[in-house]
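For reference, the structure is listed below as C-alpha cells.
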Amino acid sequence: MTTTPSAVVPTRVERLAAIRDRLGPYARPHRHHLRTAFAASALVTAAQLALPWPLTWLVALASGDGGPAAPAGLPPWWPVVALVAVGVVLGWSEYLQRLAVAKYVVRSVNDARIGILTHPQGAAPGQSGRYREPGDVLTRVVSDTARLRVGLKGVLVHVLQHGLFLLGVSVVLLTLDVWLGLVYLAGLGVAMGIALVGTDRAAAMARLRRGRESRVVSDALRAATSGQGLIARSTDRERSVAIITQVKGRTAWVVQGVLGLTACLVLTLAVHFAETGRLDIADLALVSSYLLMLHYPTMRLGRQITRLGPQLTSAERLARLAEPSRPDEAT
C-alpha cells in the first residue's frame, strides 16, 4: 500500500515572496507613486502629531503652570493660526497620499492584467503540462483584478496613515517618558499580532470562496458552449461572505479592545507621573489629547489589516497566472 505525500501549504512569507517575484515586475515601474504616498503619509502623520501642541500651550498658560514660552514676535492668538495651518497641511497631504496610492495600485494591477492576458495560460486538454480551465482564468483575470484594484487602495491608505500615526504617538510618548512609550509599544505589538491572525483566517476563507467562484464560472462556460442550460449550483457565497465579515469584525473588536486597555493604562500612568511631578500639566494634556485622537485610527487599523487577507489572496491567484509554465504548481 502506497501513500501519497500531502500537499505542502506555503507559509505567509512564501506567499508574499511569490507575489513579489511574479507581480513585482508589473508594479516596479510605478514605484515612484508609492514613494510619494509614503512621503505624503509621513506629512499627514506630522500634521496629526502637531495638532495638540497649540492646545497644550493654551492649557499650560491658563493653568498658570508657565508652559513653553510663546515664540518671539508672535501675537497671543498664534495657536489659532497654527491650528489653521496644520489643518491645511493635513488636508493637502492626505489628498496627495490618496492620489498617489490610487495611481500606484490601479496602474500596477492594470499592467499585471495586460501582461497575464498576453501569456498562454497552460496547455490545452490532452497535452503535456498543466491545463487551466477557461472559467478559472476568466475569474482570476476579471474578478480578482477588480477586487485587488478597489480593495488594495483603501487598505494601503489606512494602513499607511493610521499605522504611521500610531508609531508617531509611540515616539512622542517615549520622548515624554520612557515607561509611557514602552507600555504603549507593548500593547501595539500584541494588537498587531492579533490582527495578523485575523488576516490569515480571512485569507483562508477568501481562498475557498475564490475557488468556488472559478468552478461555477467554468461549469457555466461549459454549459453555454455545449448548448445546455446553465447549471444552478450553490457556492455558499452568502455563508463565506458572512464568515469573512465576522472575522473582520471580531478582529477589529479585539484589536480595538487591546489598544483601548493600553490607552487606559498609559493615561493612568501619566496621571500618576503628573501627581508625583514627573510630568507637568502640559505634558498630561498632550498625552490625553493623543489618546483621544487614537480612537478612530485604532478602530480602522484593525479592520483594514484584516481586509488585507482577501486582497493578498487575489494577488496570490494572479501571481499563479503570471508564471503559467510550471505544471507542478499547486492550485
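With the condition kept exactly as written, say whether any residue in segment 181-201 is within 19 Å of Lys248 (Cα to Cα), open to solvent by 60 Å² or more (accessible area, probe 1.4 Å) and without any contact (Cβ under 8 Å) to a residue 60 or more places away in the chain. Scanning segment 181-201, I find at least one residue that is within 19 Å of Lys248 (Cα to Cα), open to solvent by 60 Å² or more (accessible area, probe 1.4 Å) and without any contact (Cβ under 8 Å) to a residue 60 or more places away in the chain, so the answer is yes. Among the conditions (1) surrounded by 19 or more Cβ atoms within 10 Å (Cβ to Cβ); (2) at pLDDT below 90, the only one that His33 does not satisfy is (2). Does segment 282-300 hold any residues that are in contact with a Gly (Cβ under 8 Å, 6 or more places away or on another chain) and either closer than 20 Å to Leu176 by Cα or not in a helix (DSSP H, G or I) (or both), and which are they? Ala282, the sole residue that qualifies. State yes or no: is Arg317 open to solvent by 40 Å² or more (accessible area, probe 1.4 Å) and either touching a Ser or Thr at 6+ places or on another chain (Cβ under 6 Å) or touching a residue at least 12 places away in the same chain (Cβ under 8 Å) (or both)? For Arg317, the condition - open to solvent by 40 Å² or more (accessible area, probe 1.4 Å) and either touching a Ser or Thr at 6+ places or on another chain (Cβ under 6 Å) or touching a residue at least 12 places away in the same chain (Cβ under 8 Å) (or both) - is not met.
The values are calculated or read from the model by the stated rules, or taken from the named source; none is laboratory data. Everything numeric in this text was worked out from a predicted model, so none of it was measured. Cβ coordinates were reconstructed from backbone atoms using ideal geometry, including for glycine residues, and neighbour counts include every protein chain displayed. Remember, those area values only see protein heavy atoms, side chains included, never the ligands or the DNA or RNA. Shrake-Rupley method; radii C 1.70, N 1.55, O 1.52, S 1.80 Å.
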